[in-house]
Amino acid sequence: MRNSSPIPGNAIADAGAGLLGTIGRVAIELVTEVGFASILLWRSTLALRKIGRSMPLVIEQARRIGVESLPLVIMTSVFTGAVTAVQAAYQLKDFVPKIYLGTAIYKSVVIELGPVLTALVVGGRVSASIAAELGTMRVTEQIDAMDAMGIDPIRYLTMPRIVAALVMLPVLTVFADILAIGGGFFVSNASLDLSPKIFIEGMKMHFVARDVLGGLTKALVFGGIISLMGCAAGLRTFGGAVGVGAAATRAVVTSCVLILVSDYVLAVLLFKIIFGE
Amino acid sequence: MTERPDRDTTATPGGGATARRGGTTAGPVIEVRDLWKSFGDQEVLRGINLTVLDGETMVVLGPSGCGKSVLLKHVIGLMKPDRGSILVEGNELTGLDGRELKDLRMRFGMVFQGAALFDSMTVGENVGLPLKEHCGIEGDELADLVEGKLGMVGLAGASHLQPSELSGGMKKRVALARAIALDPDIVLYDEPTTGLDPIMAEQINQLIRALQRKIHATSIVVTHDLHSAKFTGDKIALMHEGRIEFVGTMDDLRNSDNEAVRIFIARGYASDHRTAWESRGERQ
């Protein structure tokens, strides 16, 4: 039977210490993972010298990361745009003219919702998949076998995944932006009594290229985070099937946390400092 | 690597490298000197010393978990020791990195315990990968070479299969074919018969022996299977609690007074094969 403290105050202190311990362990794990991912990024950058030989691998990964994620991105984007239209119309009614609905949808989708939601849904799918694949290769000694043959696993496994994700996340984000705006456009016409002409007029009125550029810059960084954290978790896997499951979970958690943190950092950097007032 | 004299292909297993080469003296190819390795508080290798001569097949025998596979991974540079040195033809391996280590590894072939086939590739792609990556061979030439290697392990025509379609014994054969793809000077075998039924284990033992005669490579076989050791090895090294307790021929092993050797034999490791071993009598 489990021993419990006879003094209630001590039990609370034990619970607090346990919670702090858990938070500490998670923080150490996150920092360790990010540190390992940084080393991986450096070694993958060096491996770029041989990207010519790895091009078929990059194309294969681009297909798996990009093309196979498309159905998920389509569903997420169309409904995100539709919901944004309904919510914006509800929040803006009575004090903002309807013409600004197009502006609100375009701005929120291109700057924030497109890149972030695409990164979160693709990140969940891709980082877990990369971590599980590389993790299985690690625990079944396939990565050792590759090393033993004199084939660099960083060049053969990691670099192609990172390059493919860096290319495909902005591409998926462009798709997501178009589809989300399309979803908002459709709902605005179908149920919010807003003509297509006014919707498009609202979008054009405040269109600036730096919004698109900012959103795509975010997507590029998110692509790097997703692939790097997936590879880092996979390559650090140990302990069989349980270890592979833990690696996939770790990859998704660290990817999502870093996407949200870096979204804030990039928002400040891009829209306050670089593009400025 | 120095040129090796031709072997007597009719020699019986366990006859000893020197005997098979007509008494010529071979130089050391692999020298492990005072090798130490710990994982946390656990000392796995505690001052290993081992010398493998040119063309010789050294079997490292010992119970599961005694550090045999860790030793093998040090020999090919997959692990770095805490201290000690590993010399491959007189060149220190432990300090190598990057390009030098890669060049050295290309002279090795290794068969992993679980075969370690790339499960996203076909059998042919597995065997052809080192040829494609290091020699730039592609197309029909690659297919012919792969077919040749698969033929050497009795799997001609299997290049289109996926690893998931293979039995345990077939996977080990493909791993063997992949290990010899680059015609290595040194072949390392990590528990080649583990997880196989006695008949399949026997076939793998025979295949290892046949390949040794064909490719004339220096080999280290790590196993806990006494019968496999007897069949494949020229010399036996018994590993116990992170140290090499004994090195000699199978006859020396059987007649040894070393306590670790007596305990290992008495506890009946590889008892599955004991009957087969005894029924064959003294093969040498």
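When every residue of segment B:117-126 is checked against the conditions, at least one turns out to be touching a Pro at 6+ places or on another chain (Cβ under 9 Å) and assigned to a helix (DSSP H, G or I). Here the condition is being in a helix (DSSP H, G or I), buried (at least 20 other Cβ atoms within 10 Å of the Cβ) and in contact with a helix residue (DSSP H, G or I) (Cβ under 9 Å, 6 or more places away or on another chain); of B:L188, B:L176, it holds for B:L176 alone. When you check B:D97 against the structure, is it touching a Leu at 6+ places or on another chain (Cβ under 9 Å) and more than 10 Å from every other protein chain (Cβ to nearest Cβ), yes or no? Considered against the rule, which asks whether it is touching a Leu at 6+ places or on another chain (Cβ under 9 Å) and more than 10 Å from every other protein chain (Cβ to nearest Cβ), B:D97 comes out as no. Among the residues of segment A:52-62, is there at least one that is polar (S, T, N, Q) and within 14 Å of chain B (Cβ to nearest Cβ)? Looking for residues that are polar (S, T, N, Q) and within 14 Å of chain B (Cβ to nearest Cβ), one finds at least one in segment A:52-62, hence yes. Identify the residue in segment A:146-182 that is among the acidic types (D, E) and within 13 Å of chain B (Cβ to nearest Cβ) and, among all such residues, is nearest to A:Y106 (Cα to Cα). Only one residue fits best here, namely A:D152. In a residue-by-residue description of segment A:34-46, the property of being over 26 Å from A:V268 (Cβ atoms) and of a type in the set (F, W, Y) applies to at least one position.
When segment B:191-201 is filtered for residues that are part of a helix (DSSP H, G or I) and either open to solvent by less than 30 Å² (accessible area, probe 1.4 Å) or under 18 Å from B:K149 (Cα atoms) (or both), only B:A201 remains. If you check B:K171, B:K149, B:K214, B:K230 for being in a helix (DSSP H, G or I), open to solvent by 10 Å² or more (accessible area, probe 1.4 Å), without any contact (Cβ under 8 Å) to a residue 40 or more places away in the chain and not β-branched (V, I, T), only one passes: B:K149. Inspect segment A:111-127 for any residue being assigned to a helix (DSSP H, G or I), acidic (D, E), open to solvent by 10 Å² or more (accessible area, probe 1.4 Å) and more than 30 Å from B:I186 (Cβ to Cβ) and give the result as yes or no. Within segment A:111-127, one or more residues are assigned to a helix (DSSP H, G or I), acidic (D, E), open to solvent by 10 Å² or more (accessible area, probe 1.4 Å) and more than 30 Å from B:I186 (Cβ to Cβ). Taking the criterion of being part of a strand (DSSP E or B) and of a type in the set (D, E), the only residue of segment B:36-88 that qualifies is B:E43.
Contact annotation: residue pairs with Cβ atoms under 6 Å, 6 or more positions apart or on different chains, pairing a residue in segment A:47-66 that is farther than 25 Å from A:G124 by Cα with a partner that is open to solvent by less than 20 Å² (accessible area, probe 1.4 Å), are A:A47/A:I154; A:A47/A:R155; A:A47/A:M159; A:K50/A:R155; A:S54/A:P160. Among the conditions (1) under 29 Å from A:I74 (Cβ atoms); (2) open to solvent by less than 20 Å² (accessible area, probe 1.4 Å); (3) at pLDDT below 95; (4) of a type outside the set (S, T, Y), A:I151 misses just one, which is (1). State yes or no: is B:V70 within 14 Å of chain A (Cβ to nearest Cβ) and of a type in the set (V, I, T)? Considered against the rule, which asks whether it is within 14 Å of chain A (Cβ to nearest Cβ) and of a type in the set (V, I, T), B:V70 comes out as yes.
With respect to (1) modelled with pLDDT under 90; (2) open to solvent by 10 Å² or more (accessible area, probe 1.4 Å); (3) under 18 Å from B:D234 (Cβ atoms), the lone exception for B:T51 is condition (1).
The values are calculated or read from the model by the stated rules, or taken from the named source; none is laboratory data. Nothing here was measured: the structure is a model prediction, and the numbers come from that model. Cβ coordinates were reconstructed from backbone atoms using ideal geometry, including for glycine residues, and neighbour counts include every protein chain displayed. The protein model used for the area step is the full one, side chains on, heavy atoms only, and it has no ligands, DNA or RNA in it. Shrake-Rupley method; radii C 1.70, N 1.55, O 1.52, S 1.80 Å.
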